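Single-structure report; data block below.
Any read-out appearing in this document is the output of simple, stated calculations on the displayed coordinates, not a laboratory observation. All of these numbers come straight from a predicted model, not from anything done at the bench. All Cβ positions, glycine included, derive from the backbone under ideal geometry; neighbour counts span all protein chains shown.
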């Protein structure tokens, strides 16, 4: 799993049907890498969360048929990114 | 999932049969990394999209037997890559 | 598999139910990359461990339904990270 | 999928049986990263190809039991790597 | 698949049971990245090998239940890492 910070919800103009109804969030790692994850937890912008990848991501989204490879698993309390 | 920008459609001189009939697009991340994805959404060059990887990519392409590990899931409205 | 050092246990304020009861640990690679893994082994902060990813991670956690993509597989005796 | 250039065929002195009879090729990305892929397409050194990873790689090799995580999917016509 | 050089066998003080009886080896890529793989081939320190990842890694280890995401597939004859 990875530790990422929620940045904003994506607005989609065209999308596949089997993405379901959960919001898609843009997130960044402490080094600035960019990801998109499904959010079944209800995060707010700025929250530090951990994300679950690949086959477990689909189960984490609540339905094995959902089209996701990354899903928010929980909000981390008091995470401080390291200074580098 | 990842956020990538569509660059161009690939022209193939020799290819496996089970790739099906969807176009293959070359895409780049905001840091310049290069990827290839199947496109069931009908993107245009320059669109910012999010892509779905691995087993969900095959379902996203519409047929579990298709040979893909990365598929376009939707077009993002008004995405601005960050200045670094 | 990867070689990572255990940093600390995560405290979660909101989380999915199917994460089970094993602790989630933050770990770093010798180059400083950050990961989260389930810990069925009982590691202590500072231990160097190896981690198992993806489908094998779920079996390693002891239950295929657990929501993990990275699980601690064992503690490495006397690991010295390389100077670079 | 990724875009890679075929460099050379690997010569193996000891190998697992279930690798089958397809050649294994060493390939590099435009940034110099090194990979090995099974080649069911019949590429020549210098060809730019796209490769398919993970479970789809096994189907792409023509037999689900083959031990591969990366398989050549096709040869790209007229690919020009970007100057950086 | 990847090309890696075998560095040393890991000594584990505590480990999961379903790791089986094959040795776990630490390996490095030509750029210095560190990995751990199961070794069913019988490599020696210094050998250049290719490794197989994810679901194929478990089959490569000889038993689908083994907890591995990376397994040595064969020894490469006369591999010369590139000067950079």
> Across the protein assembly as shown, how large is the tail of the calculated P(r) beyond 40 Å, expressed as a percent of all Cα pairs?
Replying inline: 13 percent
> Which distances, in nm and shortest first, link the residue D:8 label point to the same label point in every other copy, taking 7 Å along Cα→Cβ?
Replying inline: 3.0, 3.0, 4.9, 4.9
>> Taking the square root of 5 times each eigenvalue of the Cα gyration tensor, what semi-axes in Å does the equivalent ellipsoid of the stretch C:45-84 have, largest first?
In response: 25, 10, 7
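Evaluate the relative contact order of the stretch D:2-76 (contact order divided by residue number), counting alpha-carbon pairs under 8 angstrom at least 6 apart; express in whole percent.
On the way: 162 pairs, mean separation 24.7, N = 75.
Here the relative contact order equals 33 percent.
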> Expressed as a rounded percentage, what relative contact order does the stretch D:41-84 have, with Cα pairs under 8 Å and six or more residues apart?
Replying inline: 44 percent
>> Using only the alpha-carbon atoms, what does the stretch A:2-76 span along each of its principal axes? Please give whole angstrom values in decreasing order.
In response: 31, 27, 20
>> Show me, bin by bin at 5 Å from 0, the whole-percent P(r) of the stretch E:27-70 based on Cα pairs.
In response: 5, 22, 32, 20, 16, 4, 1
>> Taking residue C:62 in one copy and the same position in all the others, each labelled 7 Å out along Cα→Cβ, what are the pairwise distances from the first, in nm, shortest first?
In response: 2.8, 2.8, 4.6, 4.6
> Which distance in nm do the two modelled labels at residue D:45 and residue E:44 give, with both placed 7 Å along the Cα-to-Cβ direction?
Replying inline: 2.8 nm
> In nm, what does the list of distances from residue D:21 to its counterparts in the other copies look like, shortest first, when each label sits 7 Å along Cα to Cβ?
Replying inline: 3.4, 3.4, 5.5, 5.5
